[in-house]
């Protein structure tokens, strides 16, 4: 059996880093971990090839070679996924689809032959058994949550690692919290399930043996969802890192309660974590209570961010505007908070009602749902009727992003962050790092309007905190990408987004 696994293209989004990747000669930030894991679950004697449309094209010859095309996608990849589906149908290729896009909206894709939804460790074996017996059904779904100790190591041999900036691995699924807008608990549940420490060591070793020596993203819904187990894992990872001379710098996603656990932060620091994404959402307490973000309420969020920075981990923050309880001055509140605490990578998005979330059900019951979610956090697309005047909300959001990612504000945040940041991660200066530095000197230090701020940043960092020079250069380069995101948002009108996403979902409102 010849299996072609296809990963659709991402649009140019906040997290794509497309405009920064060229500095290190990479084509995509991450490879498709889900499809690589699915490939490892398929029979070993089947022939497998993977095409990631973010790094290469899909030739007709590969479609002709395939007996089945396995298609996995996120919501934001809907447009590209439809193009792949159309090409497969024209050439008579059978399609097996899974992942968040199809789990949420499989009814919108009647062209698909088979849906293998939810978690593949459960549904894929059932499909394969029926396929072998000649009785494969259209849809395979399950509410059962698999034991992740059965999850295989991804089939890294299917990709060219040189095309990517970071390698992803997964330790756990699920989150103990139940934020109203989040679809994690819908997909993966509230009881975190984790791999064993021995599994994680094997996964790290597999990446190491494949030649990887850079950053590794632990892509968990909430890495510290089960604090007790994480504290057992981290010393083992730290020991492996030390034995291998710290080949990986680690980043992950966590909740703000990380800042209240000194032991946990110290353990993560020893394991060589250098970045963590945290959903802060809002400095407005009423908005946090509205969305049931209980872990963030009644806390000094600025102090929490500063504490994590002082433990050697850069906080990348998620923020939302559009809550029912947002006051009229929420945009200024968000701007002041983000600037004050020095969260350089601040993903500020409009509140979105994702399919089947508690927010989605509430807004549907209130008759406030308007359109399907785009799946992109920063495209300025609103899919429900807000309490705040819609035009005021959209205008305030665009002005907030315009302000946050102005050259002056962005470099101010870098300097604030570096002032409080205490670098602890052990990093290797690679050829790619030197290439990024040399290109940044030309693009930012010579050609760009930010050259004065760029040179001042490098000089200050070199004098006061020289170990943070790689981080300073990286953040300066990211500024170019965020400037593109800012300009796109300013140019894009809501009605244009509405038409694009209605076409993607096959529905017009």
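Applying the selection to segment 122-158, what residues are assigned to a helix (DSSP H, G or I) and within 25 Å of the chain's Cα centre (by Cα)?
If the condition is that a residue be assigned to a helix (DSSP H, G or I) and within 25 Å of the chain's Cα centre (by Cα), then 122, 123, 124, 148, 149, 150, 156, 157, 158 are the ones that fit.
Are there any pairs, at least 6 apart or on different chains, whose C-beta atoms fall under 6 Å, with the first in segment 228-244 and in contact (Cβ under 8 Å) with a residue 60 or more places away in the chain and the second assigned to a helix (DSSP H, G or I), and if so, which?
Between residues of segment 228-244 that are in contact (Cβ under 8 Å) with a residue 60 or more places away in the chain and residues that are assigned to a helix (DSSP H, G or I), the close pairs are 233/197.
May I ask you to verify whether residue 37 is under 30 Å from residue 214 (Cβ atoms), surrounded by fewer than 22 Cβ atoms within 10 Å (Cβ to Cβ) and out of contact with any strand residue (DSSP E or B) (no Cβ under 9 Å at 6 or more places or on another chain)?
yes
Out of all the residues in segment 306-340, which are assigned to a helix (DSSP H, G or I) and either free of Cβ contacts under 8 Å to residues at least 60 places away in the same chain or on the phi > 0 side of the Ramachandran plot (or both)?
Within segment 306-340, 307, 308, 332, 333, 336, 337 qualify.
Would you confirm whether any residue within segment 238-253 is closer than 17 Å to residue 196 by Cα and touching a helix residue (DSSP H, G or I) at 6+ places or on another chain (Cβ under 6 Å)?
Yes, the conditions are met somewhere in segment 238-253.
Taking segment 200-215 on its own, how many of its residues are under 12 Å from residue 157 (Cα atoms) and out of contact with any strand residue (DSSP E or B) (no Cβ under 7 Å at 6 or more places or on another chain)?
Going through segment 200-215 one residue at a time, the tally reaches 4.
Is it the case, given these coordinates, that residue 134 is surrounded by fewer than 18 Cβ atoms within 10 Å (Cβ to Cβ) and at positive phi?
yes
Which of (1) over 30 Å from residue 460 (Cβ atoms); (2) free of Cβ contacts under 8 Å to residues at least 60 places away in the same chain; (3) in contact with a helix residue (DSSP H, G or I) (Cβ under 7 Å, 6 or more places away or on another chain) does residue 395 not meet, given it meets every other one?
Among (1) over 30 Å from residue 460 (Cβ atoms); (2) free of Cβ contacts under 8 Å to residues at least 60 places away in the same chain; (3) in contact with a helix residue (DSSP H, G or I) (Cβ under 7 Å, 6 or more places away or on another chain), residue 395 violates only (3).
So which of 427, 378 ends up being touching a helix residue (DSSP H, G or I) at 6+ places or on another chain (Cβ under 7 Å) and under 30 Å from residue 211 (Cβ atoms)?
One residue alone meets the criteria, 427.
Assess whether residue 366 counts as being in the same structural domain as residue 178 (by TED's automatic domain parsing), at pLDDT 95 or above and more than 27 Å from residue 16 (Cβ to Cβ).
no
Kindly state which helices (runs of 4 or more DSSP H) lie completely within segment 341-438 and contain at least 2 residues that are over 22 Å from residue 475 (Cα atoms).
It comes to 358-365, 390-404.
The values are calculated or read from the model by the stated rules, or taken from the named source; none is laboratory data. The structure presented is a predicted model; accordingly, all values stated were derived computationally and were not measured. Note that we place each Cβ from the backbone using ideal geometry, even for glycine, and neighbour counts take in every protein chain shown.
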